[in-house]
1. Find the residue count for region 102-140, including only residues that are surrounded by fewer than 17 Cβ atoms within 10 Å (Cβ to Cβ) and not in a loop (DSSP other than H, G, I, E, B).
2. Is it the case, given these coordinates, that residue 185 is within 20 Å of residue 39 (Cα to Cα) and either exposed (fewer than 15 other Cβ atoms within 10 Å of the Cβ) or in the same structural domain as residue 72 (by TED's automatic domain parsing) (or both)?
3. Given the conditions (1) more than 20 Å from the chain's Cα centre (by Cα); (2) without any contact (Cβ under 8 Å) to a residue 40 or more places away in the chain, and given that residue 309 satisfies all but one, which numbered condition is not satisfied?
4. Need pairs with beta-carbon distance below 7 Å; first residue closer than 16 Å to residue 195 by Cβ and assigned by TED's automatic domain parsing to the domain that holds residue 47 and within region 150-162, second surrounded by fewer than 22 Cβ atoms within 10 Å (Cβ to Cβ) and at pLDDT 95 or above; sequence gap 6+ or separate chains.
5. Give the residues of region 38-54 that are surrounded by 21 or more Cβ atoms within 10 Å (Cβ to Cβ) and more than 16 Å from residue 97 (Cβ to Cβ), sorted by residue number.
6. Do you know which of the residues in region 164-175 that are free of Cβ contacts under 8 Å to residues at least 40 places away in the same chain and under 26 Å from residue 27 (Cβ atoms) is surrounded by the most Cβ atoms within 10 Å (Cβ to Cβ)?
7. Take the conditions within 24 Å of residue 23 (Cα to Cα), part of a strand (DSSP E or B), out of contact with any helix residue (DSSP H, G or I) (no Cβ under 7 Å at 6 or more places or on another chain) and in contact (Cβ under 8 Å) with a residue 24 or more places away in the chain and apply them to residue 58. Does it pass?
8. Considering (1) within 19 Å of residue 151 (Cβ to Cβ); (2) modelled with pLDDT under 95, say which one residue 62 fails and leave the rest.
């Protein structure tokens, strides 16, 4: 683990690049839709860069990592996932260099700044570096991430200054292309060149459904008759993160909620780890149904993912599964359950 920690010289290079990037104030002429890429010389992955700050709310360089990062960026840009929602945090896979007020920095951040002998004053003046990964709390950078973000800041400065002089810089010559800064290694060291790369269509990852135990479903049907009830089922990231061990990166578990629509009675609430979501969700569903004295005639969901995971179970038990725009009882239940999650203190 020690090898993954940035050295003081790694941090020095990153803070220098961040200060130089901030000095040009590229958010005065760049929008978050002005996308370009910087290829990582270590692994060949493209980071998709955008400048935040045109609206005066946040000043930053965001580097969306690879295909998954680009997918999240495009969902936010298209308003499929609005930026001001909690879901926007959980679809982002990116490294971010932002400029904040001092109160947003942690002891670890301030310790690095002190060791480097740096001083910052004023509003939006303090550099803050974080890794954003779906399902995880924003976290400190590894050594490899520090080195790559340093290069990304340097190349972003180059692109932004050239864009100031030439507004057509990021306009592709043809088709669905993106300007990418590509590293060139030779005997003299590392240099960079522009290259137009084609953006391939982004496809959603297919969720592999776990096998369903048909014998268990048959047993449930024998002891639990159908009643004229409608259940609402949903899962979403919990409002607050948790962690397994002290010092480890906190994560946001999925919170799965089952409600009787008419009575508003909470049938069950359970936590799911994102990496184990399909199998764990299916298993908890079947356990709940095994405990139930009767089965609903209908289950309503509002997410396609929930519908996808529940479909084989509902079909096997003869329960109508319906995808709706809004779950009427779910919102008030979510609000009341927030009290179960104490605020996380980093």
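1. 11
2. yes
3. In the conditions (1) more than 20 Å from the chain's Cα centre (by Cα); (2) without any contact (Cβ under 8 Å) to a residue 40 or more places away in the chain, residue 309 misses (2) alone.
4. 155/192; 162/169
5. Within region 38-54, 39, 46 meet the criteria.
6. Only one residue tops the list, namely 169.
7. No; evaluated as a whole, the condition is false for this residue.
8. All conditions pass for residue 62, except number (2).
The values are calculated or read from the model by the stated rules, or taken from the named source; none is laboratory data. Please read these numbers as outputs of a predicted model, since none were measured by experiment. Neighbour counts run over all protein chains shown; Cβ positions are idealised from the backbone, glycine included.
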